[in-house]
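Readers should treat all values here as calculations from the given coordinates under stated rules, not as data from a laboratory. Nothing here was measured: the structure is a model prediction, and the numbers come from that model. Cβ sites come from the backbone with ideal geometry, for glycine too, and all protein chains shown count toward neighbours.
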Amino acid sequence: MSEASTQGLNPQQSAAVRHLESPLLVLAGAGSGKTRVITEKIVYLIEKKGIPARSIFAVTFTNKAAKEMVARTTERLAPEQRRGLAISTFHTLGLNFIRREFAALGLRSGFTVLDADDSLALFKSLIGHSEYKDVIEPKAAQWQISQWKNDLLSPQTCLEQALDEEARALAGLYADYQRQLAACNALDFDDLIGRPVELLQADAAVRERWQARVRYLLVDEYQDTNTTQYELVRLLVGKLGALTAVGDDHQSIYAWRGARPENLNRLAVDFPNLSRIKLEQNYRSVNSVLQAANHLIAKDTTTESKQLWSDIGAGEPHRVMVCATAEDEAERIATEILHRHFRAQTEYRDFAVLYRGNHQARLIEQALRKLNIPYALTGGQSFFERAEIKDAMSYLKLLVNPDDDAAFLRVINTPRREIGPTTIEKLGGYARERRSSLFQAARSIGLQTVLDARASDRLSRFCDWLDSLKKQTDTDAMAILRSLFAAIDYPSYLREQEATPKAADRRWQNIEDWLDWLNKISQTSAEGGEIMDLSALAQRMTLLGILDQQTREKDSNAVALLTLHAAKGLEFGHVFMAGMEEEILPHRDCIEEEERLAEERRLCFVGITRARLSLTFTLTKRRRRYGEWLDTTPSRFLDDIPPHLLQWQGEGIEQPKAVTQAQGREHLAGIRAMLNKS
């Protein structure tokens, strides 16, 4: 028996681990242990096939998934065996590529990575000083240009394909945006993958070097890849196709943000000798959950058939609670959670309420608060969104890359240096005329033609101070940062900003936590043989901030409230799916389009398969929309689940007497449990 089989893998998982004869696509159903397959394959490649860890790359989409893979390989491999192993997100892989190849990409060392806010600020600045200002909305422009980048379309191509004035204006803005990024020695989030793809396509020597370096590549969540990510994978593995791609077309729910589920099928075109293995045994859910999911997704003719099953147990029928209004729906969900919490001693963290749109959360929050039920709502403020952390990140970026205009603008008057908006506006105009960064313009002798001596002197002093910090090359990176905060007396600035000393102290503690985090990253990298200077720290922290926006991890004993999209990859003991009505799920904008309706079906499938033990659907008879009451229709997706798997309750539903008596006894037991607990 092979080593892989002795690790407790099922036959299909074992076959996926041992398959090396050709490129492999693993169609992994929900909860089928795909992360374990990837982890065990890494171990197999190193221990049984003798491939050095530094030649193996594993790529996924979220920090959480990458951390889980790292933790599992750490358990299975000794430190010397896993040294150099690259497990990361796509964007971290791209950043590491750019750090090695920055000169070939026309970048200088110390390049900056803009986060979404910095990118949006740049769009606003470009639009505000151009003929586009009455035609283009900044956020819409940011989204469209991001889509173009992810589809590998250049500004020139977009201009040639433009069909109207707005499209031509957007293409022109795209070109201006790219020029400004180059002037600032900066990249945006999309460039972290797009720029490596451009270089690999154009430079045969770089391509061959990287293909020799990547002896085996494993990719998770392949159905979520966009065009640039697909091309990056194809270019890294080359014709040999040393690749295992793991994905589930049934969970393809991100087409709206650029994902291309057809990439699963493209693999067979680019790699004609592609092999396929299906993982259908589920290790998460009872069979009643899986049967509901199977029947629902069977109607999706755009995906490949899979039949999920488990040996966990039969499970119970899924309740469908019909409520009078959205307020009643929220109260019923809260009450059911409270009853199960006390009756079965179920922890609050085992419950999740999933919904199609964020607007559904408000009433559910109110109902949970009313019953003192703790909850965690996705979308709260991130650590990286705090004003003091943004200030710290901007100072760090500016130390590394003084040409970063977004960072310059944030800190030039933080704390106050008596450099007012008029001075900044004149400096910005002067920089635009010279096509230079704000820092370069502030350094220019000619600036005195547009600014008075006093304003010019204040700018010069700021630039001189920044230069003096940058010149401390023999000083530890952390010591430079601490001396920076001491020099600007940031704690005093916070006390001026806040109403109470305690609030200021809390914000300064966030800075201390940020500095400790940087220090840990620096020390961990040093242990692995990587020197983290200010430039590397800035790039790593910026990427962590961007990825943190996309996936927030919570570890509190609280009910999870989140959208169906945000729930992907998670699991909970007991799941409530709220708003199971036509025009909510499926969404009203998707009903008329076959492809979008199919994605709504897959979204419902994702929601169902988050449940381990129980699943409850809720819907209303009437819902207020745009100020008036409208009758609702149950979601068509409920019709696709066999009747014997559903137990309807609530408004207008006649229940057998025995059932209502049993429910009464159950609720009474719950109340007694609550009273005993209190």
>> Charges on Cβ only, +1 for Lys and Arg, -1 for Asp and Glu, centred on the Cα centroid of the chain; of 401, 30, 436, which one is farthest towards the dipole's positive end?
In response: 30
>> Nothing charged except the Cβ atoms of Lys and Arg (+1) and of Asp and Glu (-1): what's the magnitude of the dipole of the chain about its Cα centre? Round to the nearest 20 debye.
In response: 1460 debye
> Around residue 187, which amide H atoms from residues at least 5 apart in sequence, or from another chain, sit under 5 Å from its own amide H, with H modelled in the peptide plane?
Replying inline: 112, 113, 114
> How much FRET efficiency would the formula 1/(1 + (r/R0)^6) give for residue 139 and residue 207, where r is the Cβ-Cβ distance and R0 is 30 Å, rounded to 0.05?
Replying inline: 0.25
> What order do you get for 425-431, 258-264 when each peptide is scored by the mean count of other beta carbon atoms within 10 Å, highest first?
Replying inline: 258-264, 425-431
> Can you work out ³J(HN,Hα) from phi for every residue in the stretch 401-414, in order, using Karplus 6.51 cos²θ - 1.76 cosθ + 1.60 and θ = phi - 60°, giving whole Hz and x for Gly and Pro?
Replying inline: 9, x, 7, 6, 4, 4, 5, 4, 5, 6, 9, 4, 10, 10
> So what are the chain's ellipsoid semi-axes, whole angstrom, largest first, if each one is the square root of 5 times an eigenvalue of the alpha-carbon gyration tensor?
Replying inline: 46, 33, 26
> What residue among 422, 499, 465 has its Cα farthest toward the positive end of the dipole of the stretch 384-550, where the charges are +1 on Lys, Arg and -1 on Asp, Glu, each on the Cβ?
Replying inline: 422
> What is the extension gain from residue 476 to residue 108, computed as 0.36 nm multiplied by their sequence separation minus the C-alpha to C-alpha distance, in nm to one decimal?
Replying inline: 130.3 nm
> Taking 0.36 nm per intervening residue step and subtracting the Cα-Cα distance, what contour gain separates residue 413 from residue 497 on full extension?
Replying inline: 28.9 nm
> Is there a pair in 397/568; 139/426; 67/390 whose C-alpha atoms are over 28 Å apart, and which pairs would that be?
Replying inline: 397/568
>> Based on alpha-carbon atoms only, what is the radius of gyration of the stretch 28-78 relative to the globular estimate 2.2 N^0.38 Å?
In response: 1.14
> Using a simple spin-label model with points 7 Å from Cα along the Cα→Cβ vector, what separation in nm is obtained for residue 622 and residue 163?
Replying inline: 4.4 nm
> If one computes P(r) from the Cα atoms of the stretch 384-550, what percent of pairs lie at distances over 25 Å?
Replying inline: 37 percent
> When the chain is fully extended, how far beyond the present Cα-Cα distance does residue 274 get from residue 370, taking 0.36 nm per residue of separation?
Replying inline: 29.0 nm
>> How far apart, in nanometres, would the label points at residue 440 and residue 557 be if each is projected 7 angstrom from Cα along the Cα-to-Cβ direction?
In response: 5.9 nm
>> Quick check: net charge around residue 117, other residues with Cβ under 12 Å of its Cβ, Lys/Arg +1 and Asp/Glu -1?
In response: 0
>> Could you tell me the center-to-center distance, by alpha carbons, between the stretch 28-73 and the stretch 258-308 in angstrom?
In response: 20 Å
> Between residue 315 and residues 5 or more places away or on another chain, which pairs have amide H atoms under 5 Å apart, with H built 1.01 Å from N, and which residues are they?
Replying inline: 287, 288
>> If I fit a long axis through the Cα atoms of helix 204-213 and take the longest principal axis of the Cα atoms of the chain, what angle between them do I get, 0 to 90°, rounded to 10?
In response: 50 degrees
>> If packing is taken as the average number of other Cβ atoms within 10 Å across a peptide's residues, how do 234-242, 207-215, 562-570, 445-453 rank, most packed first?
In response: 562-570, 234-242, 207-215, 445-453
> How much FRET efficiency would the formula 1/(1 + (r/R0)^6) give for residue 630 and residue 570, where r is the Cβ-Cβ distance and R0 is 45 Å, rounded to 0.05?
Replying inline: 0.90
> Once amide H atoms are built 1.01 Å from N in the peptide plane, which residues 5 or more positions from residue 616, or in another chain, come under 5 Å H to H?
Replying inline: 575, 576, 577
> Using a simple spin-label model with points 7 Å from Cα along the Cα→Cβ vector, what separation in nm is obtained for residue 78 and residue 198?
Replying inline: 4.6 nm
> Can you give the helix-only mean residue ellipticity at 222 nm for the chain, where every DSSP H stretch with n ≥ 4 adds -39500 (n - 2.57) and the sum goes over all residues, rounded to the nearest 500 deg cm²/dmol?
Replying inline: -16000 deg cm²/dmol
>> At q = 0.22 Å⁻¹, what log₁₀ I(q)/I(0) does the stretch 112-184 have when each alpha carbon counts as one equal point scatterer in the Debye sum?
In response: -0.98
>> Report the Cα centroid-to-centroid distance between the stretch 594-643 and the stretch 389-443 in angstrom, as an integer.
In response: 50 Å
